[in-house]
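One structure is given here, and the rest of the page talks about it.
The values are calculated or read from the model by the stated rules, or taken from the named source; none is laboratory data. Everything numeric in this text was worked out from a predicted model, so none of it was measured. Here the Cβ positions follow ideal geometry from the backbone for every residue, glycine too, while neighbour counts run over all protein chains shown. Side chains are part of the model used for accessible areas, which takes the heavy atoms of the whole protein and leaves out ligands, DNA and RNA. Shrake-Rupley method; radii C 1.70, N 1.55, O 1.52, S 1.80 Å.
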Amino acid sequence: MSVLQQAYNPNTLAKKGSQLIQLLTNHLKDSQLEAQKKTINWKNPEEQLAFWQQQSQSNQEATDIFKTILSNSINLHNPKYMGHQVAPTLPLAALAGLLSAYLNNGMAVYEMGATASALEKLIMQQICAQIGYDASSDGFITSGGTLANLTALLAARRQILKDDVWEQGSDKALAVMVSEEAHYCIDRAARIMGLGTKGIIKIPVDSEYRMQTELLEEKYIQATNQGLTVIAVIGSAPTTSTGIYDNLEAIADFCELHKLWFHVDGAHGGAVIYSKKYKNLVKGVNRADSVVIDGHKMMMMPSIMTFLAFKNKVHSYQTFNQKAQYLWESSEDEEWYNYAKRTFECTKSMMSIQFYIVQQTYGDTIFEEYVDTLYDLGKTFYQLVEEQDNLENFLRPDANIVCFRYTHKNLSQEQHNQINLKIRRAILEEGRFYIVQTLLNADNYLRVTLMNPFTSVKEIKELLEIIETLGNSFITQNT
């Protein structure tokens with residue numbers, strides 16, 4: 001039997017597939033029971049590279065490689081994972097991802113991905129309705145919030161300028177207005193579009209780190225007087241560092257007054273549209289021209305999966321009107337089923353089947369329960385920090401993101417910063433917990449994003465105790 005024949009042998013799939021599923025089953029079970037003591041087995045980049053260089057020198061069975069990868073990767077399913085904004089994937093969604101990878105039906109054109117294309121249309125109709133849009137809305141699934149936000153802003157440019165920029169280009173000085181705390185991908189998208197630093201108008205935040213919407217008028221007049229054409233205002237739902245939601249209704253009022261495009265970057269927290277308890281955080285989202293929501297954040301999908309919804313479906317067809325006759329017969333019709341007409345991707349994975357199978361199995365209730373569980377946990381974390389003598393919060397959280405730090409009355413600002421950096425590094429290297437850090441008002445803060453629904457008060461108290469112990473020991477070392 002040749003190597004190719006062996007590789008495509010159904011018996012190989014059955015054997016290796018069964019072994020992998022058993023490995024993942026044990027991994028999930030051990031994670032929930034905390035039999036796996038570490039969330040991360042930290043190695044610096046050079047050590048990690050050297051490890052894999054050594055591993056590659058020996059011929060290993062696929063199952064052994066699976067085991068090694070599992071043990072050397074961050075375990076998001078461990079309740080002590082409180083790091084970045086990535087969800088522990090639902091097992092059923094992961095299985096659907098295996099099906100997607102196996103079928104490999106690219107979705108540039110309908111005939112290559114008929115099933116996934118129809119499911120994507122169905123899913124986007126449901127998400128648009130959940131946002132509060134009517135039947136004239138539509139959207140699609142794309143590969144991450146960065147691409148989705150860029151696509152939305154390209155649509156804004158086309159709609160506000162009323163010019164065919166795709167064909168004719170534009171020499172106008174354009175600008176967008178956005179919170180100074182917005183995710184960096186907005187800044188990146190604007191620069192890709194050629195707006196430059198001058199075209200990214202940062203709106204200061206208030207003491208609660210929300211965009212000061214009362215400054216929008218002043219900043220807009222300044223931009224206009226400088227010869228800039230403002231095309232859009234972006235609301236954060238929420239910001240990344242602190243998890244604070246902008247006042248979307250105030251932004252909507254401003255955009256309607258000046259006939260500007262209103263875009264909501266809800267990559268992290270847009271999923272609150274499923275929560276009766278927390279939906280008020282995005283009051284006014286139904287007035288946005290476009291909305292981005294990441295499935296791989298607060299909807300438990302595998303990375304990367306992002307929903308981009310347009311209030312007016314026509315706008316989703318106007319961004320890319322490039323002709324490719326070998327792909328489709330007519331480039332003038334609004335063919336929802338030929339997704340390459342509307343997205344950056346030509347080859348697009350079957351992301352829709354992952355979401356669809358979860359929704360059909362558990363209903364929208366699972367999204368509501370996930371959001372409520374973790375947003376409630378954010379409030380619990382905040383309260384537990386408040387009860388500690390040597391810990392302080394930065395802000396009362398809107399979401400499941402909490403920024404806090406170790407503090408001591410005898411420390412200067414610089415000493416506070418250094419000790420909190422040391423605490424984070426020590427936690428990273430020890431590996432039981434995984435948390436990150438952020439810079440707020442020139443101060444270093446520890447930052448958690450509570451993404452695992454099995455994280456409880458027990459894990460939070462253990463983490464806070466470790467942080468206080470580390471902080472106290474570092475002070476002792478410095479005295």
Margin query: I want to make sure I understand the PRE zone here: with the label point 7 angstrom from the Cα of Gln168 toward its beta carbon, which residues in segment 223-242 have backbone N atoms less than 17 Å away?
Written below: 229
Next item on the list: Please give the length that would be gained between Leu122 and Val314 if that part of the chain were fully extended, namely 0.36 nm times their separation in residues minus their C-alpha to C-alpha distance (nm, one decimal).
Entry: 67.4 nm
Next item on the list: Mind checking the full-extension length gain between Val3 and Asp134? Use 0.36 nm per residue of separation minus the Cα-Cα distance, one decimal, nm.
Entry: 41.7 nm
Check: What is the spin-label model distance, in nm, from Lys379 to Gln360 if the labels are put 7 Å beyond Cα along the C-beta direction?
Finding: 3.6
Checklist line | Ratio Rg/Rh, restricted to segment 3-86 and using Cα atoms, in which Rh is the Kirkwood radius | finding: 1.04
Next item on the list: Give, in nm to one decimal, the length gained when the segment between Leu440 and Ala101 is fully stretched (0.36 nm per residue of separation minus the Cα-Cα distance).
Entry: 118.0 nm
Note to self: Report the Rg/Rh value for segment 334-399, based on alpha-carbon coordinates and the Kirkwood definition of Rh.
What the structure shows: 1.27
Checklist line | At R0 = 45 Å, FRET efficiency that the Cβ-Cβ distance of Ser456 and Asp206 yields, to 0.05 | finding: 0.85
Checklist line | Rg [Å, one decimal], Dmax [Å, integer] - segment 81-198, C-alpha atoms | finding: 18.0, 49
Item checked: Protein accessible area in the chain, 1.4 Å probe - carbon and sulfur % -> 51
Notebook entry, point to check: So, in Å, what gap is there between the alpha-carbon centers of segment 410-479 and segment 66-141?
Noted result: 33
Item checked: Cβ-Cβ FRET estimate between Glu392 and Ser473, R0 fixed at 30 Å, reported to 0.05 -> 0.95
Notebook entry, point to check: To the nearest µm²/s, what D does Stokes-Einstein give for segment 366-477 at 37 °C and 0.692 mPa s, using the Kirkwood radius over alpha carbon pairs as Rh?
Noted result: 229
Next item on the list: With r as the distance between the Cβ atoms of Thr68 and Ala14 and R0 = 22 Å, compute the FRET efficiency 1/(1 + (r/R0)^6) and round to 0.05.
Entry: 0.50
Note to self: Accessible area per residue for the chain in Å², computed with a 1.4 Å probe and the full protein assembly in place, what is it?
What the structure shows: 46
Checklist line | Spin-label pair Thr25/Gln415, simplified geometry with 7 Å Cα→Cβ offset, distance in nm | finding: 5.6
Notebook entry, point to check: Across all directions of projection, what mean area in square nanometres is found for the Cα convex hull of segment 105-348?
Noted result: 12.9
Check: From the square roots a ≥ b ≥ c of the eigenvalues of the alpha-carbon gyration tensor of segment 138-207, which class results: rounded (a/c under 1.5), prolate (a/b over b/c), or oblate?
Finding: oblate
Checklist line | Loop sites in segment 407-437: trypsin sites (Lys or Arg not before Pro), DSSP, at most 12 other Cβ within 10 Å | finding: Lys409
Checklist line | chymotrypsin sites (Phe, Trp or Tyr not before Pro) restricted to DSSP loop in segment 6-107 with at most 14 other C-beta within 10 Å | finding: Tyr8
Notebook entry, point to check: Mind checking the alpha-carbon convex hull of the chain and giving the volume per residue in Å³?
Noted result: 175
Next item on the list: Principal axes first, then extents: for the Cα atoms of segment 286-441, list largest minus smallest coordinate on each axis, whole Å, largest first.
Entry: 73, 36, 35
